[in-house]
Structure formats: C-alpha cells, structure tokens
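Any read-out appearing in this document is the output of simple, stated calculations on the displayed coordinates, not a laboratory observation. These numbers were taken from a predicted model, which means no experiment stands behind them. With ideal geometry, Cβ positions are generated from the backbone for all residues, glycine too; neighbour counts draw on all protein chains shown.
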Amino acid sequence: MKTYFVVGHRSGIGRALTELLLNRGDAVVGLSRSESGLVHPNLTEFQADILNWDGSGLPEALDGFIYAPGSINLKPFKGYKPEEFRSDFEINALGAALALQKAEKALRAAQGAALLFSTVAVGQGMSYHASIAMAKGAVEGLVRSLAAEWAPAVRVNAVAPSLTDTPLASKLLGNEARAAAAAERHPLKRVGQVGELAHAGLALIDNPWISGQVLGVDGGMSSLRP
Ligand SMILES: NC(=O)c1ccc[n+]([C@@H]2O[C@H](COP(=O)([O-])OP(=O)(O)OC[C@H]3O[C@@H](n4cnc5c(N)ncnc54)[C@H](OP(=O)(O)O)[C@@H]3O)[C@@H](O)[C@H]2O)c1
C-alpha cells in the first residue's frame, strides 16, 4: 500500500484524487481547513490552513504529494487590490512551496512524486486572468525548478486545467447561460469534470519517466482552433 498526502482533499479535484487513491487500495493523509465527510479506513485527515501549517501529521515516507488549493479571482487588471495579488500568490504558489519544503524528507524517503495545479491561463493569454496567471506562472516555474533539483529522487509535475465543474468554479458556472457560454468557448464544447482532471494527475504521479511537465487538461483550450 502506498501513502499519499493530499492538500485540499475535501472538495473538487483534490477530493476526486483522494477517492481514486482510496479506491485502488492506497492510504491518504488529507489536509483541508474543514472536514471532508469522507469515511474510509485508509484515510487520515486533519484540519489546518496550509498557509499556517507547521508540518505536523506527515508520515515518515510519502509516495505522493498533491497540492490542490487554488483561487479564481477574475477582473479587469486595474481593479486588483494589492492584497488580492498577494492572496492569490499565497494560496496558489507560496502555500505549495512551503508545504513541499516540509514534505521533502518524506518524499525522498519513498522516492515519491509531487503533483501541483496550474491553469490554462498561463500558457494562453486570457483577459481578466492577470492575478491567477501570475500566481500559477510561479507554480509552473516551481515545478520545473524543483523537478531538476530533486531528480532523480523525486518527480514533480503539474496539471493545467481549464474550467472544471468544482465548488471553486461555481460562480462561473452558476447559471445555465454562463455554463452554456463556458462550454461553448472550449473546442471540445464542454467544461471539465473532476474525474478527468484526477485521472490525468494520477497518470503523472504514476509514470516513473515523467518529471518537470505541465500537462494541459483543458478541452482543447490551450492549443486548438477548430
Ligand atoms: N476548477 C477550475 O475550474 C480550475 C481551473 C484551473 C485551475 N484549477 C486549479 O485546480 C486546483 C483544484 O481546484 P478545485 O476547483 O478542485 O478547487 P476547490 O474545489 O476549491 O478545492 C480546493 C481544496 O483545497 C482546500 N483548501 C483551500 N484553501 C485551503 C487552505 N488555505 N488550507 C488548506 N486547504 C485549503 C479546500 O478545502 P477547505 O475549503 O476545507 O480548506 C478544498 O478541499 C486548484 O489549484 C485550482 O487553482 C481549477
């Protein structure tokens, strides 16, 4: 049985990954600010804000590390307040870096793999995405830098989703007209489902010859013009 640490296991893509791991017989240590309601003999969970977490609760050896907290705060550039840039950077990039520092020893002990989340809006310029694109651009830099520094012991990769149906995206998908417009913008004519993102992330974690990559799982948004 392998052991995975999932930051953000309560909802969305992090929860889908947690369920996939538990269902295949692995153990998960989950950290979120609130309880997940998930009950499974192989799940240990605790509540903390990752930005204040002291590293307690980590097992000695980790086969995988997943960082799934994030933000969607879209507006015209001139409207961002300094604290919004700061908080987007903190939850998306700084939180991941600090948690990875705490998990390094355990990841090295098991020759594990880390998975982070970027966004399609880093590789593809999108209006009103300045703050999240800045923060996730830092995540992509962290992925490649750390993948080099930790090779060959620990692999580091990311998934870059486009709009996916999770609690985080609920404002953007909150009514039928918005949801239909969001689906229409994608070459594959729909938004993502959590399972599609979770399976792609798990493939990166499981494949022993992939490191330093950012995989677009985005309904064709980053690369297709049908
Ligand atoms: N959904 C999309 O459309 C989309 C698009 C592009 C990129 N992404 C990225 O994909 C990743 C997963 O997104 P998602 O939509 O699945 O997000 P989500 O539904 O908001 O889930 C985030 C998880 O992180 C936890 N969390 C948030 N802040 C935390 C904190 N300060 N400390 C500890 N845990 C915290 C949440 O639980 P608690 O609230 O209980 O803490 C929750 O379990 C994110 O990095 C996001 O930026 C998502």
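Quick notes on this structure:
- Backbone phi angles across segment 57-64, fed through the Karplus curve with coefficients 6.51, -1.76 and 1.60 (θ = phi - 60°), yield HN-Hα couplings of x, 6, x, 6, 10, 10, 7, x Hz in residue order; Gly and Pro are listed as x.
- Under 5 Å between amide hydrogens, built in the peptide plane, is the criterion, and for PHE65 it picks out PHE5, ALA113, ALA114, LEU115 among residues at least 5 positions away or on other chains.
- Net charge of Cβ neighbours under 14 Å - reference SER145; Lys, Arg +1; Asp, Glu -1: -1
- Using bins of 5 Å that start at zero, the share of Cα-Cα pairs per bin across segment 98-210 amounts to 2, 10, 18, 20, 19, 13, 9, 6, 3, 1, in whole %.
- Note on GLU35/HIS199: beta-carbon distance plugged into 1/(1 + (r/R0)^6) with R0 of 30 Å gives a FRET efficiency of 0.75.
- Working note: Karplus 6.51/-1.76/1.60 with θ = phi - 60° gives segment 108-124 the couplings 5, 4, 10, 6, x, 9, 10, 10, 10, 10, 9, 8, 4, 6, 7, x, 10 Hz, where Gly and Pro are set to x.
- Of all beta bridges that DSSP places with both ends in the chain, some 0 percent have antiparallel geometry.
- Measuring r between the beta carbons of ALA153 and LEU224 and using R0 = 30 Å, the FRET efficiency lands at 0.25.
- Distance from segment 26-104 to segment 109-130 (C-alpha centre basis), Å: 14
- Each label was represented as a point 7 Å from its Cα along the Cα-to-Cβ direction; for THR44 and LYS105 these points are 1.5 nm apart.
- Selection from SER170, TYR128, GLY95 lying farthest towards where the dipole of the chain points positive, charges on Cβ: TYR128
- Full extension of the chain between TYR128 and ASN175 yields a length gain of 14.9 nm, computed as 0.36 nm times the residue separation minus the alpha carbon distance.
- Across segment 90-100, coupling constants 3J(HN,Hα) worked out from phi with the 6.51/-1.76/1.60 Karplus curve, θ = phi - 60°, read 5, 6, 7, 10, 4, x, 5, 5, 5, 5, 5 Hz, and Gly and Pro carry x.
- Springs join every pair of Cα atoms under 10 Å in this Gaussian network model of the chain, and among PRO76, PRO187, PRO59 the largest mean-square fluctuation is at PRO76.
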